[in-house]
1. Which residue is farthest from A25 (Cα to Cα), if the candidates are limited to segment 111-122 and must be without any contact (Cβ under 8 Å) to a residue 40 or more places away in the chain and in contact with a strand residue (DSSP E or B) (Cβ under 9 Å, 6 or more places away or on another chain)?
2. With the requirement that a residue be in a loop (DSSP other than H, G, I, E, B) and of a type in the set (K, R), what does segment 91-102 give you?
3. Out of (1) touching a strand residue (DSSP E or B) at 6+ places or on another chain (Cβ under 6 Å); (2) modelled with pLDDT under 95; (3) of a type outside the set (S, T, N, Q), the odd one out for V82 is which?
4. If E100 satisfies every condition in (1) modelled with pLDDT of 95 or more; (2) surrounded by 18 or more Cβ atoms within 10 Å (Cβ to Cβ) but one, which is the exception?
5. Let me spell it out: the conditions are (1) within 30 Å of P141 (Cβ to Cβ); (2) exposed (fewer than 14 other Cβ atoms within 10 Å of the Cβ); (3) modelled with pLDDT of 95 or more, and K46 meets all of them except one. Which number is the exception?
6. Could we say that S71 is assigned to a strand (DSSP E or B), in contact (Cβ under 8 Å) with a residue 12 or more places away in the chain, hydroxyl-bearing (S, T, Y) and within 20 Å of E53 (Cα to Cα) here?
7. As an exercise: evaluate R19 against (1) assigned to a helix (DSSP H, G or I); (2) farther than 22 Å from Q121 by Cβ; (3) touching a strand residue (DSSP E or B) at 6+ places or on another chain (Cβ under 8 Å) and give the number of the one condition it does not meet.
8. Residue by residue through segment 103-134, note down the ones that are of a type in the set (D, E), surrounded by 11 or more Cβ atoms within 10 Å (Cβ to Cβ) and assigned to a helix (DSSP H, G or I).
Amino acid sequence: MNEKTFKQSTDDLKVLGARYATMRAHFEQVFAQAKRLAEEPESPMKGQGLLVEMDAGAILIEFVGRRIRISLRYDRKTGRGVLHVEDESADLPETFERIEFRGTGETDLTNEHGDKLNLSQTGDCMLLVARLIDTALDRDPWK
């Protein structure tokens, strides 16, 4: 256990709480864009069986018999948010992606032009969700 005073601990926790709120806002943006991808009339995925919902604080995506869960984590050492992505299609969930992002929403992933994906950008969130679904479908969780 650390040796911080009560004031040091509570000051650190307040800063951490504010930082987490920023990360949570980016996570909610990912959810909103995943819902748009599934439900908006002009979306290429509308009517294709893509289901997106919030489940116990995580984003649950279902498509062609596959279940993907995206949870928000916070890495206190790096000060970054983490999208923890699991394939729940088989009996035992298996993590297949861990995507870190900064307070600005910037990730280390890039688009087809080499630009960093940013969770504050709606198009980047939709691309991220589409890539995660595509990646999950390439995997065999039953082996």
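1. Of everything passing the filter in segment 111-122, N111 is farthest from A25 (Cα to Cα).
2. Let us first name the residues in segment 91-102 that are in a loop (DSSP other than H, G, I, E, B), namely 91-93, 102.
The one that is in a loop (DSSP other than H, G, I, E, B) and of a type in the set (K, R): R102.
3. If we test V82 against (1) touching a strand residue (DSSP E or B) at 6+ places or on another chain (Cβ under 6 Å); (2) modelled with pLDDT under 95; (3) of a type outside the set (S, T, N, Q), just (2) comes out false.
4. (2)
5. (3)
6. On the way: assigned to a strand (DSSP E or B): yes; in contact (Cβ under 8 Å) with a residue 12 or more places away in the chain: yes; hydroxyl-bearing (S, T, Y): yes; within 20 Å of E53 (Cα to Cα): yes.
When the stated conditions are applied, S71 passes them.
7. (2)
8. If the condition is that a residue be of a type in the set (D, E), surrounded by 11 or more Cβ atoms within 10 Å (Cβ to Cβ) and assigned to a helix (DSSP H, G or I), then D124 is the only one that fits.
The values are calculated or read from the model by the stated rules, or taken from the named source; none is laboratory data. Everything quoted here is computed from the prediction, not taken from an experiment. Here Cβ is always computed from backbone atoms with ideal geometry, including for glycine, and neighbour counts include all displayed protein chains.
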